[in-house]
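The values are calculated or read from the model by the stated rules, or taken from the named source; none is laboratory data. None of the values given here were measured: they were computed from a predicted structure. All Cβ positions, even for glycine, are placed from backbone atoms using ideal geometry, and neighbour counts span all protein chains on display. These area figures cover heavy atoms from the full protein model, side chains too; ligands, DNA and RNA do not enter into them. Shrake-Rupley method; radii C 1.70, N 1.55, O 1.52, S 1.80 Å.
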Amino acid sequence: MRNFKNQLLIAATLLVAISVNAQDYLMTLKPLSASVLKIDGKKTTEAPLIENKTFSYMYKGGEVEVVFEGNSHYEFFNHKKHFIKSELIWTSKDECYMIIKDFNLPNFPFKAGTKMRMKITKIKDGYVHYKSTLGGRTWKGKMKESTIRK
């Protein structure tokens, strides 16, 4: 029984480590591994669940500000010293594609034109939970809604 508890603890620790470091791992991918996603469906006429809102998440010990504004998406790193700017294409109220347009984030492994798919899975207690696919990898994450504006 004790061996089973130890195995369960190790498995739970690995699961947390994988989910916490998914964003970090993504940043280590080589540019060539960024596959081009086919945009499924057409643009929606429904209002997106997170239109014109600001969020944040932690990355490498720092807070990243995420802004959804109209058809644009921005991620600001290092107190807005670095950024990623993407065009948004909403295919439903809870799913979109982000197409990278510009960035100055050092060692960013993707290039302009790379597409990321994001599916909102839940909104609860001020957090947006999502599942994203980029560079042949899928991961889950969450962002906390913020009162900060761009």
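Specify which of the listed residues (His73, His79) is within 21 Å of Met143 (Cβ to Cβ), open to solvent by 60 Å² or more (accessible area, probe 1.4 Å) and at pLDDT 90 or above. Result of the check over His73, His79: His79. Scanning region 124-144 for residues that are assigned to a strand (DSSP E or B), open to solvent by less than 80 Å² (accessible area, probe 1.4 Å) and free of Cβ contacts under 8 Å to residues at least 60 places away in the same chain yields a count of 4.
Which of (1) modelled with pLDDT of 50 or more; (2) open to solvent by 50 Å² or more (accessible area, probe 1.4 Å); (3) of a type in the set (A, V, I, L, M) does Leu15 not meet, given it meets every other one? If we test Leu15 against (1) modelled with pLDDT of 50 or more; (2) open to solvent by 50 Å² or more (accessible area, probe 1.4 Å); (3) of a type in the set (A, V, I, L, M), just (1) comes out false. Among the residues making up region 102-111, a single one is part of a strand (DSSP E or B) and either surrounded by fewer than 16 Cβ atoms within 10 Å (Cβ to Cβ) or charged (D, E, K, R) (or both): Asp102. What residue, among those in region 42-55 that are among the hydroxyl-bearing types (Ser, Thr, Tyr) and at pLDDT below 95, is most open to solvent (accessible area, probe 1.4 Å)? Looking at the filtered set, the residue picked out is Thr45. Exactly one residue among Thr114, Thr121, Thr147, Thr91 is under 20 Å from Glu46 (Cβ atoms) and either out of contact with any Asp or Glu (no Cβ under 7 Å at 6 or more places or on another chain) or open to solvent by less than 20 Å² (accessible area, probe 1.4 Å) (or both), and that residue is Thr121.
Of all the listed residues (Thr147, Thr133, Thr114), the sole one being in contact with a Gly (Cβ under 9 Å, 6 or more places away or on another chain), at pLDDT below 95 and of a type in the set (Ser, Thr, Tyr) is Thr114. Here is the figure for region 105-127: residues that are within 14 Å of the chain's Cα centre (by Cα), closer than 16 Å to Ser92 by Cα and not charged (D, E, K, R) total 4.
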